[in-house]
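The structure appears below as structure tokens.
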Amino acid sequence: MRRPSERERFIDASDSPRLFSGIAARYDAMNRLMSLGRDRYWRKLAAAALDLPDDGKVVDVGVGTGDMALAIKERWPDTTVIGVDPTWAMMAYGRRKAGMEPVGVAQATGLRLPFPGQTFDGAVSAFVMRNVVDVEQALGEQHRVVRRGGRVACLEMSWPRTPVFGALFRFYFSDLMPRVTGLLTGQPAAYRYLPRSVERFETPEELKTTMERVGLRDVCCRKLALGAVTLHVGVRGD
């Protein structure tokens, strides 16, 4: 499979705020549909993996409509959660959810987090990294703002390697779901973009290497949903 050029990735990723603005109101419902209701469970696993201290502080990069932030607050009630996202429409919709009142939000790109170094006890992104222009820079920023011993967790989709399930997943995610969700939302371009973003994203092994390259240590990768989703967790050691 041909890897996309940097220019191709820039065009797709840089246009994603506009695409997500158009689907903000239906984003959660489409997530439930596409994941068959499992996306909430995956976010709970990511929240638990942060292993936050009492009264900790965590940044949710690409907070969107807030489902990851809510999972963190459920698992770590005393934690301060700050969410950042480039798409204001997504955050505005999420702010109306029950439980989002104590979650702070800021409109910012993950490539330049508006916080001093070593501000947080943890950083997390859920289904976000495949949408950024420069994955290494985004992870480097998360490493920068996390304190020594803090964890960086990345929950992301990936292409299953098992031949039979891989073929079924490709039909479901690349053909069937874009048609259904595009029809339901009236935004077919957004849901054609999503499977392309997964296909072009780093493999789990490549992402592990990228996390190590930005300075994270003890990076582990947990495959979920028969390899359709992966949870990477690394620790800031310096």
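The single condition from (1) touching a residue at least 24 places away in the same chain (Cβ under 8 Å); (2) surrounded by fewer than 22 Cβ atoms within 10 Å (Cβ to Cβ); (3) in a loop (DSSP other than H, G, I, E, B) that ALA106 fails is (3).
Could you say whether any residue in segment 90-112 is out of contact with any helix residue (DSSP H, G or I) (no Cβ under 7 Å at 6 or more places or on another chain), at pLDDT below 95 and among the aromatic types (Phe, Trp, Tyr)? Checking segment 90-112: not a single residue is out of contact with any helix residue (DSSP H, G or I) (no Cβ under 7 Å at 6 or more places or on another chain), at pLDDT below 95 and among the aromatic types (Phe, Trp, Tyr). Is it the case that segment 85-99 has a residue that's outside any loop (DSSP other than H, G, I, E, B) and within 15 Å of GLY122 (Cβ to Cβ)? The answer is no; no qualifying residue exists.
Scanning segment 144-164 for residues that are among the small types (Gly, Ala, Ser) and part of a strand (DSSP E or B) yields GLY149, GLY150, ALA153.
Applying the selection to segment 151-176, what residues are of a type in the set (Asp, Glu) and either over 15 Å from the mean Cα position of the chain (by Cα) or loosely packed, with under 15 Cβ neighbours inside 10 Å (or both)? Matches in segment 151-176: ASP175 only. Pairs needed: first member in segment 200-214, farther than 16 Å from VAL152 by Cα; second member anywhere, hydroxyl-bearing (Ser, Thr, Tyr); C-beta distance under 9 Å; at least 6 residues apart or different chains. Close Cβ pairs satisfying both conditions: PHE201/SER158; GLU202/SER158; GLU202/THR209; GLU202/THR210; THR203/SER158.
The values are calculated or read from the model by the stated rules, or taken from the named source; none is laboratory data. Fair warning: this is a prediction, and the values are worked out from it, not measured in the lab. Note that each Cβ is placed from the backbone with ideal geometry, even for glycine, and that neighbours are counted across all protein chains shown.
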